[in-house]
Amino acid sequence: MSQSVQIKNALISVYYKDNLEPIILELNRLGVNIYSTGGTETFIRNLGVNVMPVEDLTSYPSILGGRVKTLHPKVFGGILARRSFDSDEKQLAEYEIPELDLVIVDLYPFEETVQSGAGAEDVIEKIDIGGISLIRAGAKNFKDVTIVASKDDYGILEDILKTQDGVTTIDQRKSFAQKAFNITSNYDTHIFQYFNQEEPLPVFKQSILTSQTLRYGENPHQKGTFYGNLDAMFNKLNGKELSYNNLVDVDAAVALIDEFTGEPTIAILKHTNACGIASRSFIKEAWIDALACDPVSAFGGVIIANDEIDAATATEIDKIFYEVLIAPAYTDEAVQILQAKKNRIILVRQPVELPAKQFKTLLNGVIEQDKDAVIEGPAQMTPVTNRKPTEQELKDLFFANKVVKHTKSNTIIFAKNGQLMSSGVGQTSRVDSLKQAVIKANSFGFDLHGAVMASDAFFPFPDCVELAAEAGVTAVLQPGGSINDKLSVAMCDEKNISMVTTGVRHFKH
């Protein structure tokens, strides 16, 4: 295996010309012969650097509207030839094929074209054939060839050309090959996903090129990494980097607040559950009433708003310790107030389309599902009791249903007048969840008389309804579907409270 290779001949054919000029000038300084195609050839020539068209090498022009330019034995032979094989070297000489020691090729912007909403014909034309073949060939023969498949690596190559006078080491070439295969596998994954929509094959493929190393995972002894582009999702105005647990809570916060698109609303989350949420006419009022739900649990929580944070609201929020604050906008005065605490993470949410699927590793594989994208409003609530809910109760049931959808099972939610009053979450018994919610409401001075209750699953027994009625609840929402639904309905009738069913269960494990 050769350890060092002097670059003598290079093939350059790229879609993006950003920062390519310094590479070309360094290759020219080193006396490297450059072969190129189309727009890249013109770019190089305009720099005053000699360049040989690939057509002169192959004796074939670019044909089929540019679909076939480099697919030729004189190109691929020069890349794939093994310099340590006498037979390969003899054939290169026989067919007058130059050894191509450096290949700089990128790929047509397939992902970007799909995201732009372009039509099928434009998308198909952005499926690169020659480029991806050249990259794979160069990466396969990394023992002898340097492959640079992204403009992000131009700086590394430029440094090698300057400091090593065009001599590459085996470790450098192998590193470039690793990156090249990462690019081609990502490219193929996105092409497959484009074709795998109407009648999808039962396979799991994901590919994300950007990542961020986290301080640690769920606990300090666990390593953690986020794969994705947080900068596209949030503009960070203040604070340290988001941790693994921060990200889990932020994800839950975003999902919850997206249910509330009308009145100004603020939610406070702890361990992915809402410990406070309120909708009001003004954002400051929403904050005050959200915090009142459970000011103890709010300590160290994640706060999210669906409206601009002003100075008055920022002043109130700044009175407590929190980890993360998220809003679509802040006034300049609010930013000055919030930035006084250096470690508080302040995020401006950007309009980014979120995935429609969610998945996680499990056992020796992965489970995937559609995101729970439905929510039942008053029109989908079927009254099943003698007493029908009032207009205000229906409004509160809708509010409670949004919250219960995003709370850990088993879940009971009490709400009144657009405010979470208390919740019982994550218990092994729904009765325990209800009792927990009653105790919490009482401990923070909430009167449950006239409140509504929402459950994420049906009641197999009437005990929950009976306990809720004793606490003062006047309306209940549940999905229905138990063979004992009639027992809970009968208890509601006995206690003169209303019950509606939605027909949709929102478990969140």
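The values are calculated or read from the model by the stated rules, or taken from the named source; none is laboratory data. Only a predicted model underlies this, so the values are computations on that prediction, with no experimental measurement involved. Quick reminder, even Gly has a Cβ in these numbers, built from the backbone with ideal geometry, and neighbours come from all protein chains shown. Accessible surface areas use protein heavy atoms only, side chains included; no ligands, DNA or RNA. Shrake-Rupley method; radii C 1.70, N 1.55, O 1.52, S 1.80 Å.
The number of residues in the stretch 468-488 that are more than 25 Å from Lys408 (Cα to Cα) and of a type in the set (A, V, I, L, M, F, W, C) comes to 1. If you go through the stretch 376-386 and keep only what is surrounded by fewer than 16 Cβ atoms within 10 Å (Cβ to Cβ) and touching a residue at least 60 places away in the same chain (Cβ under 8 Å), you end up with Gln380, Thr382, Pro383, Asn386.
Considering only residues that are outside any strand (DSSP E or B) and open to solvent by 30 Å² or more (accessible area, probe 1.4 Å), look in the stretch 1-16 and name the one that is farthest from Asp86 (Cα to Cα). Filtering the stretch 1-16 for residues that are outside any strand (DSSP E or B) and open to solvent by 30 Å² or more (accessible area, probe 1.4 Å), the one farthest from Asp86 (Cα to Cα) comes out as Tyr16.
When the residues of the stretch 100-136 are narrowed to those that are without any contact (Cβ under 8 Å) to a residue 60 or more places away in the chain and aliphatic (A, V, I, L, M), which ends up surrounded by the fewest Cβ atoms within 10 Å (Cβ to Cβ)? First the steps, then the outcome.
So the first thing to find is which residues in the stretch 100-136 are without any contact (Cβ under 8 Å) to a residue 60 or more places away in the chain, and the list is 112-113, 115-122, 124-126, 128, 132, 135-136.
Remaining after also requiring aliphatic (A, V, I, L, M): 118, 120, 124, 132, 135.
Details: Ala118: 14, Ala120: 8, Ile124: 13, Ile132: 21, Ile135: 28.
Applying the filter and picking the extreme gives Ala120.
Taking every residue in the stretch 296-311 that is touching a residue at least 12 places away in the same chain (Cβ under 8 Å) and pairing it with any residue that is part of a strand (DSSP E or B) and of a type in the set (Lys, Arg), at least 6 positions away or on another chain, the pairs with Cβ-Cβ distances below 6 Å are Ser297/Lys270; Gly301/Lys270.
Restricting attention to the stretch 45-65, the residues that are at pLDDT below 85 and acidic (Asp, Glu) total 0.
Taking the stated definitions as given, is Ser175 more than 27 Å from Ser62 (Cα to Cα) and either open to solvent by 20 Å² or more (accessible area, probe 1.4 Å) or touching a Lys or Arg at 6+ places or on another chain (Cβ under 8 Å) (or both)?
Working: more than 27 Å from Ser62 (Cα to Cα): yes; either open to solvent by 20 Å² or more (accessible area, probe 1.4 Å) or touching a Lys or Arg at 6+ places or on another chain (Cβ under 8 Å) (or both): yes.
So Ser175 passes the test.
The condition of being under 30 Å from Gln193 (Cβ atoms) and modelled with pLDDT of 95 or more holds for only one of Lys174, Lys126, that being Lys174.
Contact map, the stretch 253-270: first residue within 17 Å of Ser297 (Cα to Cα), second residue in a loop (DSSP other than H, G, I, E, B) and open to solvent by 10 Å² or more (accessible area, probe 1.4 Å), Cβ cut-off under 6 Å, separation 6 or more or different chains; pairs are Lys270/Ser297. A count restricted to the stretch 45-59 and to residues that are within 14 Å of Asn9 (Cβ to Cβ) and in a helix (DSSP H, G or I) stands at 3.
Yes/no matrix, rows are residues, columns are (1) part of a helix (DSSP H, G or I); (2) of a type outside the set (A, V, I, L, M):
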residue	(1), (2)
Asp18	no, yes
Leu25	yes, no
Pro61	no, yes
Gly78	yes, yes
Ser84	no, yes
Ile97	no, no
Thr113	yes, yes
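Scanning for something surrounded by 14 or more Cβ atoms within 10 Å (Cβ to Cβ), within 23 Å of the chain's Cα centre (by Cα) and of a type outside the set (Ser, Thr, Tyr), does the stretch 154-167 turn up at least one residue? No: zero hits.
For the stretch 137-152, a tally of residues being touching a residue at least 24 places away in the same chain (Cβ under 8 Å) and surrounded by fewer than 18 Cβ atoms within 10 Å (Cβ to Cβ) returns 3.
Has the stretch 464-487 got any residue that is open to solvent by 60 Å² or more (accessible area, probe 1.4 Å) and aliphatic (A, V, I, L, M)? Yes, because at least one residue in the stretch 464-487 is open to solvent by 60 Å² or more (accessible area, probe 1.4 Å) and aliphatic (A, V, I, L, M). Where strands (runs of 3 or more DSSP E) fall wholly inside the stretch 201-292, the ranges with 2 or more residues that are open to solvent by 20 Å² or more (accessible area, probe 1.4 Å) and closer than 17 Å to Val324 by Cα are 234-238.
Taken across the stretch 434-451, residues that are assigned to a loop (DSSP other than H, G, I, E, B), in contact (Cβ under 8 Å) with a residue 24 or more places away in the chain and among the acidic types (Asp, Glu) do occur, with at least one present.
In the stretch 27-40, what residues are assigned to a helix (DSSP H, G or I) and closer than 15 Å to Tyr16 by Cβ? Within the stretch 27-40, Gly38, Gly39, Thr40 qualify. Applying the selection to the stretch 353-372, what residues are surrounded by fewer than 10 Cβ atoms within 10 Å (Cβ to Cβ), of a type in the set (A, V, I, L, M) and within 16 Å of the chain's Cα centre (by Cα)? Once the filter is applied, which keeps residues that are surrounded by fewer than 10 Cβ atoms within 10 Å (Cβ to Cβ), of a type in the set (A, V, I, L, M) and within 16 Å of the chain's Cα centre (by Cα), the stretch 353-372 yields only Ala356.
Mind listing just one residue for me: the one in the stretch 360-375 that is among the hydrophobic types (A, V, I, L, M, F, W, C) and touching a residue at least 24 places away in the same chain (Cβ under 8 Å) and, of those, farthest from Asn496 (Cα to Cα)? Even if it seems obvious, please write down each step before you answer.
So the first thing to find is which residues in the stretch 360-375 are among the hydrophobic types (A, V, I, L, M, F, W, C), and the list is 362-363, 366-367, 373-375.
The next check asks that each one be touching a residue at least 24 places away in the same chain (Cβ under 8 Å); those that pass are 366, 374-375.
Working: Val366: 47, Val374: 30, Ile375: 27 Å.
So, considering only residues that are among the hydrophobic types (A, V, I, L, M, F, W, C) and touching a residue at least 24 places away in the same chain (Cβ under 8 Å), the one farthest from Asn496 (Cα to Cα) is Val366.
Could you tell me whether any residue of the stretch 329-343 is open to solvent by 10 Å² or more (accessible area, probe 1.4 Å) and under 20 Å from Lys440 (Cα atoms)? Spell out the reasoning first.
Going through the stretch 329-343, the residues open to solvent by 10 Å² or more (accessible area, probe 1.4 Å) turn out to be 329-333, 335-337, 339-343.
Next, from what is left, pick out any that are under 20 Å from Lys440 (Cα atoms): none.
No, the conditions are met nowhere in the stretch 329-343.
Pull up the stretch 472-509, narrow it to residues that are part of a helix (DSSP H, G or I) and in contact (Cβ under 8 Å) with a residue 40 or more places away in the chain, then point me to the one that is nearest to Asn386 (Cα to Cα). Steps first, please.
Going through the stretch 472-509, the residues part of a helix (DSSP H, G or I) turn out to be 485-495.
Okay, now just the ones that are also in contact (Cβ under 8 Å) with a residue 40 or more places away in the chain, so 485, 489, 492-493.
On the way: Asp485: 14, Val489: 9, Cys492: 9, Asp493: 6 Å.
The selected residue is Asp493.
Among the residues of the stretch 405-431, how many are touching a strand residue (DSSP E or B) at 6+ places or on another chain (Cβ under 6 Å), among the β-branched types (Val, Ile, Thr) and open to solvent by 30 Å² or more (accessible area, probe 1.4 Å)?
Start the filter on the stretch 405-431 by keeping residues that are touching a strand residue (DSSP E or B) at 6+ places or on another chain (Cβ under 6 Å), which leaves 407-408, 412-415, 418-425.
With among the β-branched types (Val, Ile, Thr) added as a condition, the list becomes 407, 412-413, 425.
From the residues that got through so far, the ones that are open to solvent by 30 Å² or more (accessible area, probe 1.4 Å) too are 425.
Qualifying residue count, the stretch 405-431: 1.
Polar (S, T, N, Q) and touching a helix residue (DSSP H, G or I) at 6+ places or on another chain (Cβ under 6 Å): is that true of Asn306 in this structure? The answer is yes for Asn306.
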